[in-house]
Amino acid sequence: MKENTGFARIYPWIAVLLLWVVALLNYMDRQMLSTMREAMQIDISELESAVNFGRLMAIFLWIYGCISPFAGAVADRISRKWLIVASLGVWSTVTLLMGHCTTFNQIYWLRAVMGISEALYIPAALSLIADYFTGSARSLAIGIHMTGLYIGQAVGGFGARLAETFSWQQTFRWFGIIGVLYAVVLVFALRDKVRSREEETEKLSVGKESVWKSFALVFSNVAFWIILFFFASVSLPGWATKNWLPTLFSESLGIPMSQAGPVSTITIAASSFLGVLLGGSLSDRWVKKNLRGRIYTSSIGMALMIPALIFIGVGHGMAAAVCAGLCFGVGYGMVDTNNMPILCQFVPARNRATAYGLMNMTGVFMGAVITKMLGKWADQGNLGLGFALMATVVTVALLLQLLVLKPSSDDRK
């Protein structure tokens, strides 16, 4: 009995580690394609066109964004374990099949299916972790999980090197096989949170509601609109750094892309990793003394991002660029690790996955908008100014968050 009780106490952390690997695979499998264009266009001539390659990247983002709210609604209604297993299994199978593609259309439609299957993962995983950690470690647990996304993005960046060493087909096949095998591991190792009779009754009642009613309940919550706004505001520079920071560093520092790419991605990834750990532990301690502790921690992160964006945009010199990048990454990580915990303070458990799905959709669409907008500014020679201007949006979000969000509980029922 003692052994079972001890295992029950540590299992939430085991679940976080199991999901950490899934998070890594989630970002790695989607990121690999962006680095392997050069190798793939030898066999698939359509990829020589930047327009066609852009279509491949866009179909994933638009479908991922559109599916996200419904993915969250599904996660509020069925077993999150089996949703996560199915999601991983499908996108890993897609990755495996991409290694057998011979035409552009095959890759295009597989990329669309990947957008659907990957969208199912994040709302289900974060709501499951939030349910496991109803006490003081919620932000840290979610932060540790989020680092899997950062590491996966970094590992996916080595796709071109793997394609050169082996082939792009073999790279897709092997990572697809790894994901399928890991989905089998999760069948036996991952568990849904055991619910009380009251919670089970609540979930059954949610299952009888229409999806549209769940959306209406979430949107009728004023606090959710503020959370959605600051999530969208932080998503703008988040996507901007992923898609345009290497270009900005290359232009402003006068260095080749082969140097600017690693400098920007490693700087942001490493500092974001530090930020989630710092922000998670600080938030979990602060909320014990003050219910607004998670909001204050997130606000500190946003406050760090504001000067960082200005210096990234208008600063000069390698030292200034790296320091600004480090400051931005730490701040972004502190915000990222507290998004779901703050949501838990205002949205009841029955609708959290739905709410996060709506947030995920908004974040992705903001990414699509800012990526296109910065492309126009880059053509006009104003890419740095675009980064600096994003600090204004983050400032407004910071003020709204501090002025409006006043939780009455750390775990809204």
task = Considering (1) within 20 Å of the chain's Cα centre (by Cα); (2) over 21 Å from L140 (Cβ atoms), say which one A353 fails and leave the rest.
result = (2)
request  = Select from region 1-20 the residues that are open to solvent by 50 Å² or more (accessible area, probe 1.4 Å) and either within 15 Å of T147 (Cβ to Cβ) or not small (G, A, S) (or both) and list them in ascending order.
outcome  = M1, K2, E3, N4, T5, F7, R9, I10, W13, I14, L17, W20
query = In this structure, does M40 turn out to be more than 22 Å from I144 (Cα to Cα), open to solvent by 50 Å² or more (accessible area, probe 1.4 Å) and aliphatic (A, V, I, L, M)?
reply = no
So M359, is it under 22 Å from M302 (Cβ atoms) and open to solvent by 70 Å² or more (accessible area, probe 1.4 Å) = no
Some residue of region 316-323 being open to solvent by 10 Å² or more (accessible area, probe 1.4 Å) and either under 18 Å from A130 (Cα atoms) or assigned to a loop (DSSP other than H, G, I, E, B) (or both) = yes
request  = Sort through V364, V393 and tell me the only one that's buried (at least 19 other Cβ atoms within 10 Å of the Cβ), β-branched (V, I, T) and under 16 Å from the mean Cα position of the chain (by Cα).
outcome  = V364
ask   = When you look at L186, is it surrounded by 19 or more Cβ atoms within 10 Å (Cβ to Cβ) and modelled with pLDDT of 80 or more, yes or no?
value = yes
inquiry  = Suppose we filter F229, F158, F175 for residues that are among the aromatic types (F, W, Y), at pLDDT below 75, within 22 Å of the chain's Cα centre (by Cα) and open to solvent by 30 Å² or more (accessible area, probe 1.4 Å); which single one remains?
reply    = F158
Exclusive hit being under 16 Å from A23 (Cα atoms) and open to solvent by less than 40 Å² (accessible area, probe 1.4 Å), set A141, A137, A86 = A141
request  = Give region 327-367 a look and list any residue that's of a type in the set (K, R) and touching a Ser or Thr at 6+ places or on another chain (Cβ under 6 Å), or say none.
outcome  = R352
task = For region 273-301, name all the residues that are assigned to a helix (DSSP H, G or I) and out of contact with any Ser or Thr (no Cβ under 8 Å at 6 or more places or on another chain).
result = L274, L278, K289, I295, Y296, S299, I300, G301
query = In region 66-83, which residues are surrounded by 21 or more Cβ atoms within 10 Å (Cβ to Cβ) and either without any contact (Cβ under 8 Å) to a residue 12 or more places away in the chain or in contact with a Phe, Trp or Tyr (Cβ under 6 Å, 6 or more places away or on another chain) (or both)?
reply = G72
inquiry  = Being assigned to a helix (DSSP H, G or I), out of contact with any Phe, Trp or Tyr (no Cβ under 8 Å at 6 or more places or on another chain) and either in contact (Cβ under 8 Å) with a residue 24 or more places away in the chain or open to solvent by less than 50 Å² (accessible area, probe 1.4 Å) (or both) is the requirement here; does I312 meet it?
reply    = no
key: Number of the condition not met by T337 [criteria: (1) buried (at least 24 other Cβ atoms within 10 Å of the Cβ); (2) over 15 Å from G238 (Cα atoms)]   = (2)
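The values are calculated or read from the model by the stated rules, or taken from the named source; none is laboratory data. Everything numeric here is computed off the predicted structure, so don't read it as measured data. Backbone-built Cβ (ideal geometry, glycine too); neighbour counts: all protein chains shown. These accessible areas exclude ligands, DNA and RNA; they are computed on the full protein's heavy atoms, side chains included. Shrake-Rupley method; radii C 1.70, N 1.55, O 1.52, S 1.80 Å.
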